[in-house]
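*Asks:* Sharing a structure here in structure tokens format.
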Ligand code: SAH
């Protein structure tokens with residue numbers, strides 16, 4: 001899997017090491033474990049998927065790219081859309097503190113069970129609507145949204161540190177693109193539209 005990531009252009013050695021350190025087979029159903037290290041999205045129940053490893057690596061490399069080296073060891077990150085908890089575990093290897101929010105209670109509980117054996121003391125899972133962020137845990141150096149909405153919620157933009165990066169897919173079921181937002185000042189956010197993307201929808205409220 002790491003060779004595939006290198007071949008797909010992932011260069012950040014900390015990201016490659018973090019991806020290598022998390023056993024992805026722990027995050028998929030036993031029947032799919034033999035495919036856990038292929039670069040594919042797989043079903044995790046509740047109509048959701050575990051993201052492709054190359055997508056996880058690309059997103060984390062992108063949010064980390066602008067983070068000053070001395071800040072990496074102290075950085076606080078937010079993930080919206082825990083799913084089965086895989087990306088959250090990778091993020092816990094890259095950031096000092098990680099908060100991850102999931103709106104489907106069944107998945108929040110699956111993630112908790114999947115992550116328990118890894119004993120990641122710097123990762124906190126929250127059940128709730130991640131569109132609202134986690135105001136008491138911010139501001140965040142990095143925010144990664146794992147589901148596509150029609151816009152980036154203002155609450156998330158407000159919870160970015162200065163400077164910070166946010167990555168979120170924006171669009172509907174047919175057309176999505178990854179949006180990169182850089183907060184450069186208290187009142188300054190810069191948007192760059194990156195590649196086309198394919199994520200599950202960002203939904204409102206909890207279930
Ligand atoms: N991060 C996961 C990807 C999970 S798929 C991984 O490592 O593979 C995206 C997840 O976002 C789904 O579990 C979905 O339920 C969740 N989601 C969608 N809308 C959300 C919202 N408003 N708040 C929190 N989670 C949400």
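*Asks:* For the range 179-196 and the range 108-124, what is the separation of their C-alpha centers, rounded to whole Å?
*Replies:* Each part reduced to its Cα centre gives a spacing of 30 Å.
*Asks:* Just subtract the alpha-carbon distance of residue 187 and residue 7 from 0.36 nm times their residue separation and send over the number in nm, one decimal.
*Replies:* So the chain would gain 60.9 nm between residue 187 and residue 7.
*Asks:* Of all the Cα-Cα pairs you can form in the chain, what percent are over 30 Å apart?
*Replies:* On the way: 2625 of 21321 pairs.
Counting pairs separated by more than 30 Å, the tail of P(r) holds 12 percent.
*Asks:* Still on this structure: So for the chain: antiparallel DSSP bridges make up what percent, rounded to the nearest 5?
*Replies:* The answer is about 45 percent antiparallel.
*Asks:* By counting other Cβ atoms within 10 Å of each Cβ, how are 150, 129 ranked from fewest to most?
*Replies:* Lowest count first: 150, 129.
*Asks:* Here's something else I'd like to know. State log₁₀ I(q)/I(0) for the range 1-101 at q = 0.13, 0.21 Å⁻¹ as given by the Debye formula over alpha-carbon point scatterers of equal weight, solvent excluded.
*Replies:* Taken in order of the listed q values, log10 I(q)/I(0) reads -0.44, -1.11.
*Asks:* Most mobile of 174, 159, 87 per a Gaussian network model of the chain (Cα springs, under 10 Å)?
*Replies:* In this elastic network of the chain, the residue with the biggest mean-square fluctuation among 174, 159, 87 is 174.
*Asks:* With each run of n ≥ 4 DSSP H residues scored as -39500 (n - 2.57), what mean residue ellipticity at 222 nm is computed for the chain after dividing by its residue count and rounding to the nearest 500 deg cm²/dmol? If you can, show how the numbers build up before the last one.
*Replies:* Numbers: 7 runs with 54 residues, N = 207.
-7000 deg cm²/dmol, from helical runs alone.
*Asks:* Okay, next question. Which of 46, 25 comes first, and how do the rest follow, when ranked by fewest Cβ neighbours within 10 Å?
*Replies:* Ascending Cβ contact count within 10 Å gives the list 25, 46.
Every number here is computed from the coordinates shown, using simple stated rules; none is lab data. Fair warning: this is a prediction, and the values are worked out from it, not measured in the lab. Quick reminder, even Gly has a Cβ in these numbers, built from the backbone with ideal geometry, and neighbours come from all protein chains shown.
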